[in-house]
Structure formats: C-alpha cells, structure tokens
Amino acid sequence: MGSTSRGPPPAPPAPPLPAPAGDTEAGRSIAILQDQEEAGDYTPRLGREFGSELEAYEFYLNYARKVGFTVRRGYANKNRKSGTISSSKYVCSREGFKALDKRTNRSKTPQPDTRTGCKACLTVRRNNGSAKYEVYGFEPKHNHPLFVPSCANPFQRKIVDIQSSEANTSSNVASACEPESRNYVLGDNAVTSIEWQCPLRTRRQREIKCGEAAALLNYLQYQSRADPLFYHAVQLDAEDKVANIFWADVKMITDFSQFGDVVSFDIVSGNNMDLRPFASFVGFDNYGETVVLGMALMYDRTVESFQWLFDTFLNAMSGRAPSTIFYRQDAYQGMAISTVMPDTSHALCTRHLKQTAKGNMNYLIQRGCDFMKEFKACINDHEEEMELFTSWEGMISKYSLHGNVWMQKVFEEKEKWARPYMKWTFSAGMKDTQLNERLHSDVRDYLTPDVDITLFMKHLQKVVDDRRYIELEIEFSSRLKLPDFKIRAPILLQASEAYTDMIFQLFQEEYEEFQSAYIVSRDDSGPCREYIVAILDKERKHKVYGNPSEQTVSCSCRKFETLGFLCSHALKILDTMDIKYLPNRYILNRWTKYARCLTGPQIDGRKVQEDTTFEFSNRYQYLCPVFVRLVAKASECEESYRALEQCSIEMCKKVEGILRKQTSIDASASQPDVEDIQVSLSASATDNELEHAMNYSSNKRAKKTKKKGHKDKSQPRSCIKEWLQNKQTLQLEQPAMQFSMLDNHIQPGTDLEGLSSPFPMGQLHNEKMQPS
C-alpha cells in the first residue's frame with residue numbers, strides 16, 4: 001500500500017467551454033470570442049471583417065462589456081431577394097431620447113428614462129460578392145459616465161459550482177462518525193486553520209448526525225484553501241465535540257465594513273427540532289439590497305454559546321461592532337450582546353413581538369376586541385414617552401393585564417422597541433428580522449437532517465450568490481436611470497448627484513412635504529434659533545433648532561438620526577435660514593452612490609490607496625490550481641521535475657525583482673502632504689463582469705413565469721420601501737421602481753466613515769454624527 005500524501009489535494013481542472021455542435025454559426029462565434037480573449041483584442045477598427053452578422057454583434061457586445069456600457073440593435077437592413085442582412089447598426093443602449101406624450105409632455109410609458117442621446121455605435125455591412133461583413137462605421141465616444149461596478153465577482157457562481165463539487169467529493173471520504181479529538185482528520189488532510197475557541201463547560205444541547213461534523217469541516221477547509229481570506233471558527237463542548245460553527249467569506253467581511261452599522265441576527269426557531277439550527281447575520285447596502293454578513297450552525301443555545309458566537313463575529317469583522325443589532329425577544333441573546341458588545345444598541349424584532357402577542361393573548365382576540373390594534377399603536381404610533389405610558393396603562397387596565405408576566409416583561413424592555421426610545425438610535429428603516437427569515441425560508445427545505453450537509457452548504461452558497469447577482473442588477477439598473485425631478489430645485493439636483501435612486505426618491509418626498517410646512521412660532525433671540533414647525537392637514541408639531549452660522553439643523557422627529565436623511569421640518573428651517581444646498585454633514589456616505597468605492601484613483605487632488613485584498617484573493621485562487629496541476633505533471637519524471645525546479649528559481653527571482661521595483665515606485669510616489677484614503681474595493685467587479693452578470697441573470701430569470709394567483713416573494717420589502725412603493729402606486733406617471741429591503745441603523749456618536757467624492761454641490765459627510 002503506497003504512502004498517503006499529507007499535502008493539499010490538487011484542485012480539479014476548470015471545466016472547458018462546451019464545444020459547439022458542428023460547424024454552426026454559434027460555434028464559430030464562440031471560437032472567435034475565444035480567440036479574441038486570447039489575443040486581448042477588443043477594440044473595433046474600420047475594415048475589420050467577420051464571418052457573419054452575429055459574430056460582429058457578439059464582438060461589439062464583448063467590447064461593450066470591457067468598456068462599461070450596454071448595447072442594443074439600431075437597425076438591420078435585409079436584401080429583398082435573398083432575405084440576408086446587408087447592413088446592421090449596433091448602438092449604445094442610451095442612444096436617442098424617449099418619446100414624450102404631446103398631451104402631457106411626459107413620457108408615454110412609466111418606465112424610468114435612461115436615454116441621453118449617446119452617439120456611440122458600430123456599423124457593419126456585407127461585402128459585395130462575399131459572405132463576410134466589415135466594419136465601415138465606428139463611434140467610440142459616449143456622452144454619459146461608463147460604469148465602474150462595486151459588487152461581488154459575478155463569475156463567483158461558476159467558482160462555487162466547482163468548489164461545491166469538490167467539497168461534495170471530499171465529504172464522501174469522511175465516512176466515519178464524528179471524531180472525539182480536536183485534531184480532526186478529514187480524508188487525508190489534518191485540519192490546521194480552524195480556530196478552536198472557548199470550549200463549553202457543558203455538553204452540547206443537540207446532537208449532530210454521525211459523520212456530519214467531519215463533512216462540514218471538510219467543506220470549510222476547502223473554502224479556506226480556495227480563498228485565503230475565508231474565516232471560520234468552531235466551538236467545542238466539554239466532550240471535545242463540535243457545538244457551534246461560524247463562517248464568513250471575504251464578501252461578507254467587506255460588506256460589513258461598508259454596511260455593518262445595522263445588523264439583524266436570527267436563528268431558525270428552536271421550537272422546531274427537526275431543522276438544523278441555522279443562524280445568520282444580515283444587513284443591507286446603499287441600494288437597499290440584502291447583504292449576508294455571516295452564518296452559523298448553533299447546536300447549543302446557552303448564554304455561553306451566544307457569547308462565543310458574537311465574539312467570533314467581532315473577530316471576523318476586525319473587532320468592529322455594529323451600532324445597532326436587531327434580534328428576537330430572547331434573554332440569552334440579549335445578555336450575550338450586552339457582554340460582548342456593550343456599546344451596541346439593542347432593538348427587538350417588532351414583527352416577532354406582534355406574533356407572540358397574538359399567541360399569548362389569543363383569548364382576547366377571540367372575543368373580537370381591539371387588543372392587537374392598541375398593542376400595535378403602542379409600538380408604532382406614539383413618539384413621546386408620556387403618550388406611550390398613557391396608552392399602555394389604558395390598555396393594561398382595559399383588559400385587566402396587570403398580572404400578565406409576558407406583558408410586564410415586554411414593557412420592561414420598552415427601550416428596545418418603543419418609538420420614544422428607538423428614535424435616538426440609527427436604524428435606517430429596519431424594524432424586524434424579516435431579512436433573516438427570508439434567507440432561512442430559501443434554505444428551509446435543506447435544513448432537514450436527512451439532507452446531506454454538503455448539499456445544504458452548496459444550496460446555501462447558491463442562495464447567497466443569487467442575492468449578490470440581484471445586487472449587481474439593482475445597482476446597474478439604478479445607475480442607468482435618470483432622476484425624475486418633480487421640482488427642479490438646487491437641493492434636489494445636489495441630492496440626485498449624491499444619493500442612490502432609492503434614497504433620492506425618499507428625500508424628494510420629504511422635499512415635497514416641505515412645501516406644505518409652515519412655522520407656528522419662532523425664537524430668534526440666540527445664535528441657535530428655535531422654531532415650531534407644522535404640516536398642513538397634520539396635527540403634530542415639531543420643534544426644530546437651527547444655527548445659520550454653523551449651518552446646522554435638528555428636528556424633534558429625529559428622522560436624520562434614525563434614517564439618515566433630513567425630514568421636511570428640517571428642510572423648512574434650512575430654507576428659512578437661506579441655506580439652499582445640503583450641508584456636507586447631512587449627506588451620509590452610507591446612502592450615496594459611492595458608498596462601496598470611488599470611481600477613480602484621484603479625487604479632489606488626494607491620492608486614493610486601494611484595498612487590494614480581494615484582488616489578491618482572486619489571483620491566489622486562480623494561480624493555485626494552475627501550479628498544483630503543473631507540479632503534479634512535472635513530478636511524473638526526473639527530467640520534467642528538474643526543468644520545473646530550475647524555472648521556479650528563475651521565476652522567484654523575477655517576482656521578487658518586480659515586487660521590489662513596485663515597492664520603490666510606491667515609496668518615491670508618496671508625498672508627506674498628500675492625504676491617503678483607505679478605500680475598500682473588496683467587491684470590485686470589472687465593467688464587463690457587471691454587464692455579464694446582467695445578461696446572465698436576466699436570461700435566467702426571463703425563463704421564470706409567475707403563476708397566476710401566487711405572489712412573488714423573491715424580494716422582501718421593509719417599511720421604508722413599502723412606504724415608497726405605496727406612494728408610487730398613487731402616481732402612475734412615476735417610474736415603477738423595484739426595491740427589496742431596507743433595514744440598518746446608526747446611533748448618535750457612531751463613527752460614520754465617509755468618503756469624499758466629486759459632487760458639484762458639496763462633498764460627502766466625513767464627520768461623526770453628533771446628537772442634537
């Protein structure tokens with residue numbers, strides 16, 4: 001029996017492109033594109049020939065992906081006799097202008113306008129007496145920005161498929177039951193990179209299926225080899241058995257660094273012991289799209305286990321804690337969060353509170369009384385503390401609930417759900433853990449113990465990748481849309497340049513309401529002026545403080561401190577103080593188009609130092625299997641082994657020389673008076689990747705049809721998005737926007753890391769949020 005190698009097994013070769021069937025036109029197109037990839041030649045030139053019109057179109061599509069725009073067919077002229085295409089024109093998708101209705105002077109369709117009159121195009125025609133097509137017209141200039149995307153690598157789906165298949169193969173090796181030692185041996189490879197932290201002092205509460213722990217750790221180990229920045233950790237119980245597991249890939253860690261101000265944590269209901277104890281950390285980005293920040297399997301739910309989980313989550317995120325975390329009403333989770341993240345604000349899932357109230361107070365509901373209506377009013381309607389106390393006491397007395405233990409406990413935790421207290425913390429619209437529940441629903445069929453653990457992990461990764469493709473689609477479509485101004489005011493022009501489309505629409509709603517605002521009373525005696533502002537047809541009045549010299553404003557409704565953009569009352573006072581543009585401090589980087597990355601290496605004369613960790617990961621992931629296969633081949637004979645050894649020495653010298661040269665260039669280029677900005681580009685897809693993702697996802701989803709009578713649940717919505725969409729349904733001329741969920745939070749004093757950007761009306765807010 002031969003000796004067993006202890007080194008990592010060679011990665012499987014990447015699957016080749018499928019060979020075209022026969023000498024078809026599609027097959028020739030694929031071959032030309034492959035040659036084009038190898039030669040690196042993507043720029044059209046006059047006189048270039050193609051074998052068919054389809055090849056020319058595919059060539060221009062590939063060029064557009066590289067440059068950063070989309071293409072549509074302008075026209076195609078056909079020969080009347082033969083029916084073949086004699087000439088064709090391909091234009092930028094933003095060519096021309098949308099036709100306006102002569103009666104209303106508005107667009108005939110409710111779709112958002114993306115046309116800018118761009119002249120970029122490529123024209124081909126068929127040569128006389130030949131079947132080939134040549135380029136006889138090419139315009140490369142565009143009159144609009146080309147896109148530099150900032151989301152996940154859209155080719156990650158292919159990588160995951162390869163990884164999952166290998167992990168599935170490696171899991172078959174681990175056929176023995178769970179080992180009892182910390183030195184897990186998975187197949188032929190000893191686990192060395194897993195962090196074994198804080199073992200439990202007791203035995204885990206739930207058992208793991210025989211062999212499942214080894215297969216799961218095998219899968220995580222493969223992910224670590226494929227991605228050196230993949231993070232995972234394991235907690236053992238008193239018997240040295242796996243109790244809890246946490247993992248996060250580089251995209252999750254990067255998303256947290258950019259959008260980790262508000263996090264939602266949830267775990268699959270503990271009442272259902274037939275499902276795996278899957279837990280997730282979730283947030284959302286500047287476009288309101290769900291971002292997964294970390295995942296775990298919790299086979300023990302004691303306070304000690306939750307403390308380990310939250311501490312591990314902080315370690316993965318470089319010690320940075322979220323400013324607010326939403327979770328279900330759970331004493332153990334609350335105690336663990338208070339211990340591990342003492343400065344983080346707690347927020348209970350109000351949706352779960354209402355559901356629990358229905359179960360506990362079912363005997364009242366069956367009577368047909370208004371208990372649930374009054375309970376929801378206590379959660380949603382009262383902005384002042386005395387209003388809440390009066391309403392709560394009236395409800396308790398009306399239904400004789402003074403002795404109800406659950407109601408007493410809920411009121412004791414009022415600071416975690418009631419508006420008079422929650423308005424002092426930044427939530428960005430998040431009110432519950434529905435984002436987590438949607439994720440859990442997508443993988444619920446794979447949470448049963450009879451489903452292989454690697455199959456569950458493979459499906460989970462596919463779900464996460466699908467969500468990341470949706471991020472790409474939303475960002476791409478949002479950048480194409482032109483802002484729909486209802487009022488062309490300077491402050492709205494500034495907001496449209498800075499904010500993402502979703503936040504701009506919400507801000508524009510506030511600006512519209514500001515037109516109906518009026519000042520009830522004012523006190524201009526001091527430098528900080530005090531105003532009482534009301535809205536027509538609304539009873540509630542708000543106190544607003546304004547300082548014209550410092551250009552500051554603060555409203556008692558605290559919408560800016562809670563959601564991150566100014567309210568109509570504050571806008572009224574800014575206008576009263578003759579401030580026509582938003583001060584920098586009121587444009588939070590979290591909601592801007594540039595929240596993920598900057599679009600160029602130089603901004604306002606300052607050097608931008610890019611975070612290249614994701615690029616390093618991609619290079620490592622590509623080169624590692626290439627050289628593993630090369631080493632395996634070279635080891636087959638002595639001559640090839642010696643040749644590769646000699647080449648490796650020369651290559652090492654060359655690489656070291658390049659790195660030394662690069663280091664010296666960077667050192668000489670650095671200036672002491674230049675401010676360096678650390679910009680995270682961890683999820684920086686290239687222009688063609690974003691376009692590829694758009695084509696890939698749209699083609700996949702085009703085949704799906706929604707069944708009659710069934711609601712589409714693929715896009716969960718938050719309270720802010722529902723409010724926005726409800727308003728749009730009342731105005732048919734408004735663009736029909738597609739949004740998913742908005743849920744995040746920042747409290748006063750939170751360090752909001754802003755980035756400067758070349759806005760014509762001002763820079764982004766790069767200061768700390770101060771309580772008013």
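The values are calculated or read from the model by the stated rules, or taken from the named source; none is laboratory data. Since this is a predicted model, take the numbers as computed values, not measurements. Positions of Cβ are backbone-derived with ideal geometry, glycine not excepted, and every protein chain shown enters the neighbour counts. Areas reflect the complete protein model, heavy atoms only, side chains present, ligands, DNA and RNA absent. Shrake-Rupley method; radii C 1.70, N 1.55, O 1.52, S 1.80 Å.
DSSP loop trypsin sites (Lys or Arg not before Pro) in region 504-554 with at most 15 other Cβ atoms within 10 Å of their Cβ, which ones?
Numbers: sites: ARG522, ARG529, LYS538, ARG540, LYS541, LYS543; in loops: LYS538, ARG540.
Passing both the DSSP loop test and the Cβ count: LYS538, ARG540.
What whole-number value in cubic angstrom gives the convex hull volume per residue for the C-alpha atoms of region 324-366?
Numbers: hull volume 2.5 nm³, N = 43.
For region 324-366, the hull spanned by Cα atoms encloses 59 Å³ per residue.
Write down the accessible area per residue of region 498-601 in Å², having rolled a 1.4 Å probe over the full set of protein chains. Present the calculation step by step, with values, prior to reporting the outcome.
Numbers: 4130 Å² over 104 residues.
Each residue of region 498-601 exposes 40 Å² on average to a 1.4 Å probe.
For a Förster distance of 22 Å, can you work out the FRET efficiency between the beta-carbons of LEU536 and LYS580, rounded to the nearest 0.05? Kindly include the intermediate steps, with their values, before the conclusion.
Numbers: r = 23 Å, r/R0 = 1.03.
Step by step, r from the Cβ atoms, then E = 0.45.
Just the Kirkwood number for region 319-430, please: inverse of mean 1/r across all distinct Cα pairs, in Å, one decimal. Please report the intermediate quantities before stating the final value.
Details: mean 1/r = 0.0666 Å⁻¹.
Kirkwood hydrodynamic radius for region 319-430: 15.0 Å.
When the C-alpha atoms of region 516-595 are aligned to their principal axes, what extent does each axis show, in angstrom, from largest down?
The principal-axis extents, from largest down, are 39, 30, 19 Å.
Kindly state, to the nearest 0.05, the FRET efficiency for GLN355 paired with LEU455, given R0 = 35 Å and r defined as their beta-carbon distance.
Numbers: r = 31 Å, r/R0 = 0.89.
Step by step, r from the Cβ atoms, then E = 0.70.
Please work out the ratio of the alpha-carbon Rg of region 404-522 to 2.2 N^0.38 Å and round it to two decimals. Don't skip to the end; give the middle numbers.
Values: Rg = 22.0 Å, N = 119, 2.2 N^0.38 = 13.5 Å.
Its radius of gyration relative to the 2.2 N^0.38 Å reference: 1.62.
What's the carbon and sulfur percent of region 430-551's accessible surface, probe 1.4 angstrom, rounded to a whole number? Each step should come with its number before you reach the end.
Details: 2440 of 5270 Å².
After summing per-atom areas, the C and S share lands at 46 percent.
Would you kindly work out the equivalent ellipsoid of region 464-553 from its C-alpha gyration tensor and give its semi-axes, the square roots of five times the eigenvalues, largest first in whole Å? Can you show the working numbers first?
Numbers: eigenvalues 250, 45, 38 Å².
That gives 35, 15, 14 Å for the three semi-axes.
Mind grabbing the accessible area of CYS557 for me, 1.4 Å probe, Å², rounded to tens?
30
What whole-number value in Å² describes the accessible area per residue of region 311-437 for a 1.4 Å probe? Don't skip to the answer; put the middle values down first.
Working: 5700 Å² over 127 residues.
The answer is 45 Å² per residue.
With +1 on the Cβ of every Lys and Arg and -1 on the Cβ of every Asp and Glu, and nothing else charged, how large is the dipole of region 247-316 about its Cα centre, in debye rounded to the nearest 20? Numbers along the way, then the final one.
Values: 3 positive and 10 negative charges, 25 e Å.
For region 247-316, the charge dipole is close to 120 debye.
Do any GluC sites (Glu not before Pro) in region 194-252 lie in a loop, going by DSSP, with at most 13 other beta-carbon atoms within 10 Å of their beta carbon, and if so which? Each step should come with its number before you reach the end.
Numbers: sites: GLU195, GLU207, GLU212, GLU239; in loops: GLU207, GLU239.
When the GluC sites (Glu not before Pro) of region 194-252 are filtered for loop state and at most 13 Cβ neighbours within 10 Å, GLU207, GLU239 remain.
Per-residue counts of other Cβ atoms within 10 Å, averaged by peptide: what ranking do you get for 587-594, 636-643, 317-324, highest first? Kindly include the intermediate steps, with their values, before the conclusion.
Working: 587-594: 23.8, 636-643: 10.8, 317-324: 18.4.
Put in order of decreasing packing, that is 587-594, 317-324, 636-643.
So if the hydrodynamic radius of region 226-368 is defined as the Kirkwood radius over C-alpha pairs, what does Stokes-Einstein give as its diffusion coefficient at 25 °C and 0.890 mPa s, in µm² per second?
On the way: Rh = 16.3 Å.
The calculation lands on 151 µm²/s.
Carbon and sulfur atoms: what percent of the 1.4 Å accessible area of region 261-393 do they account for?
Numbers: 2210 of 4720 Å².
Carbon plus sulfur share of accessible area: 47 percent.
Taking the highest mean first, how do the peptides 251-260, 390-399 order by number of other beta carbon atoms within 10 angstrom per residue?
On the way: 251-260: 23.0, 390-399: 14.7.
In decreasing order of mean packing, 251-260, 390-399 become 251-260, 390-399.
With all protein chains present, calculate the accessible area of HIS459 using a 1.4 Å probe and round the result to the nearest 10 Å².
Result for HIS459: roughly 40 Å² accessible.
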